[in-house]
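Structure, as structure tokens:
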Amino acid sequence: MNLPKIAGIHHVAYRCKNAKKTVEFYERVMGMKYVSAFSEDHVPSTGAYDPYMHVFLDCGNGNVLAFFELPEQPEMDRDQNTPQWVQHIAFRVESLEELLKGKAAAEEEGLEVIGPTHHGIFKSVYFFDPNGHRLELACDIGTPEQLQQLQEVAPDMLEEWDRTKKAPRHAEWLHKITD
């Protein structure tokens, strides 16, 4: 028996250091709307005592980003066995112009911004939120033909990676594309 057909992501939740400061950052810098909050002393799914504030932000197109502040848990930290660049939240922007506006807004906040980085089929910039979560703004630039080619080689790439744990070269062209 299979699970029901997935209709999309309801929300994605991360931990934050301070719910109020997190909401203010995402409203001010990312332009998201703060839409709701839940707060309890006991976790509904487990019954465990663990006071929390759970805040929700509208990312557009029915996408919701949520955060938990957990004041009685040990101080928040990141996975020390995973490089900082790996775990991130990537947000789509509609144009290169919007990407550059986002970069400028982040820099105006005093954030260190990397990019624009050219990924062949999209360009992106990177910076960190007040909780240490890496954020990416990404602008799609790939052609339908490029996207189709990537889809066609994806199964072979995964199989080769699984066997060798070496970077397959099926889409090597991707990082050679320039403006």
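The values are calculated or read from the model by the stated rules, or taken from the named source; none is laboratory data. Source: prediction; values computed, not measured. Every residue, glycine as well, gets a Cβ built from its backbone with ideal geometry; the counts of neighbours run over all protein chains shown.
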Notebook entry, point to check: Looking at this structure, is L135 closer than 17 Å to G31 by Cβ, at pLDDT 95 or above and in a strand (DSSP E or B)?
Noted result: yes
Note to self: Any residue that is assigned to a strand (DSSP E or B), modelled with pLDDT of 95 or more and among the hydrophobic types (A, V, I, L, M, F, W, C) - is there at least one of those in region 73-89?
What the structure shows: yes
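If you check E172 against the conditions, is it more than 17 Å from the chain's Cα centre (by Cα), modelled with pLDDT of 95 or more and of a type outside the set (V, I, T)?
Spelling it out, it is not the case that E172 is more than 17 Å from the chain's Cα centre (by Cα), modelled with pLDDT of 95 or more and of a type outside the set (V, I, T).
Name the one entry in E75, E69 that is closer than 23 Å to E109 by Cβ and of a type outside the set (F, W, Y).
E69
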Next item on the list: Answer yes if at least one residue in region 103-114 is farther than 19 Å from T22 by Cβ, of a type in the set (D, E) and either free of Cβ contacts under 8 Å to residues at least 12 places away in the same chain or assigned to a strand (DSSP E or B) (or both), and no otherwise.
Entry: yes
Checklist line | Hits in region 6-21 (condition: assigned to a strand (DSSP E or B) and of a type in the set (A, V, I, L, M, F, W, C)) | finding: V12, A13, C16
Check: K123 versus (1) surrounded by 17 or more Cβ atoms within 10 Å (Cβ to Cβ); (2) modelled with pLDDT under 95: which is the lone unmet condition?
Finding: (2)
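One line per residue, one yes/no per condition, for (1) surrounded by 14 or more Cβ atoms within 10 Å (Cβ to Cβ); (2) closer than 18 Å to Y14 by Cβ:
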site	(1), (2)
V29	yes, yes
E69	yes, yes
E75	no, yes
E94	no, no
